[in-house]
1. Within the range 160-181, can one find any residue that is buried (at least 23 other Cβ atoms within 10 Å of the Cβ), within 14 Å of A319 (Cβ to Cβ) and not small (G, A, S)?
2. Taking L130 as meeting all but one of (1) surrounded by fewer than 19 Cβ atoms within 10 Å (Cβ to Cβ); (2) assigned by TED's automatic domain parsing to the domain that holds S86; (3) modelled with pLDDT of 95 or more; (4) not acidic (D, E), write down the number of the exception.
3. What is the one condition in (1) buried (at least 22 other Cβ atoms within 10 Å of the Cβ); (2) without any contact (Cβ under 8 Å) to a residue 12 or more places away in the chain that S103 does not satisfy?
4. Tally up the residues in the range 24-65 that are within 16 Å of the ligand (Cβ to nearest atom), surrounded by fewer than 24 Cβ atoms within 10 Å (Cβ to Cβ) and closer than 26 Å to L264 by Cα, please.
5. Among the residues of the range 322-343, is any within 14 Å of the ligand (Cβ to nearest atom), touching an Asp or Glu at 6+ places or on another chain (Cβ under 7 Å) and not hydrophobic (A, V, I, L, M, F, W, C)?
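The values are calculated or read from the model by the stated rules, or taken from the named source; none is laboratory data. These numbers come from a predicted model, not from an experiment. Counting neighbours? That spans all protein chains shown, and the Cβs are built from the backbone with ideal geometry, glycine included.
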Amino acid sequence: IHEQPSALARTWEGLASISVPRSKEVDFAKLDKLQIVACGTSFYAGLVAKYWFERVAGLIVEVDLASEFRYREPPMSKKGGCLFISQSGETADTLAALRFAKSKKQYCLSVVNVPNSSIARESDYVLRTLCGPEIGVASTKAFTSQLAVLFHLVKKAAQQRKCGQDLIKSLGRSPEHDVVSSMHQVLMKENRIKEVLPLFKDATSAIFLGRGQCYPIALEGALKLKEISYIHAEGYAAGELKHGPIALIDEGMPVVVVAPYDRLFEKVVSNLQEVRARGAKVLLISDKLGCEMCKSYADYIIELPTVNEILAPFINSVAVQLLSYFTAVERGTDVDQPRNLAKSVTV
Ligand code: F1P
């Protein structure tokens, strides 16, 4: 978790120096649709990318779980491209999905951490995360490094499609630098994060809520918590709450709301009030403005540095990772080698 600022900086530097593409580099201006395919945490990175590509580059994106995509064998757009995301580069479902897409003559791009892996070898073009090997089974620095590569691709797509230039400008001169330095600040919040652990004391289940590009971070936060602490956790888009999940809320249930202040924040505030009124214990993870606005509605607050809303997934990821990590340590589970899980699922 603590290696992430340097892993991201290395990944971005590495991307800048790529000079010998295996085949012609992707031209997003020629695509009418991008199909992203992945499993687990890599799938959630793909979901963040969907928000980015659509909003910044005006590109239609569909994100699918490789285990569904490969057997569904969907029709593919003639002008479409596919993007496969995999830390190991060996995940069987993702590899099978890549082979299907190639059989349909799709341009296949991949984001991997292992350069000579099967997915890397069989793709038309490969971008690498340079985060180094992960010790633990649960993906942490691989996830944010995948976001780093995807962010690079989104900027490229915006440029090629002549889209979203105002949004890109609003990110400032060096958004990458901002991400790295804000991540350092989040890592210094460890003590604050430990203070909110009573939230999960005796909890058997928890809910994570998010909207927009923090919805996938809510999903990832729930996955990390269940993977390493074995607390049953689910992530939901906050707006979906009233369509079912709100029935789960009862006295003392932990609800983690991942919501930096943005144009959807008012809606988040009402979601927060709804769950609190039904007895939930609420932890809000937000920035200065968001925390100030919700002081009286949340039981616990973790204030993160303020960053442009496009960049929020990077730093909110680190916060939910630390939250799960300390919860697991307190419960005495093996955070590096959770039961029943394999680092790479090759069958
Ligand atoms: C996908 C994945 C990981 C998860 C676990 C099992 O792997 O779901 O996200 O942490 O290790 O596999 P990959 O395709 O990204 O290597």
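1. Yes, some residue in the range 160-181 is buried (at least 23 other Cβ atoms within 10 Å of the Cβ), within 14 Å of A319 (Cβ to Cβ) and not small (G, A, S).
2. All conditions pass for L130, except number (1).
3. That leaves (1) as the condition not met.
4. 5
5. For the range 322-343, residues within 14 Å of the ligand (Cβ to nearest atom), touching an Asp or Glu at 6+ places or on another chain (Cβ under 7 Å) and not hydrophobic (A, V, I, L, M, F, W, C): present.
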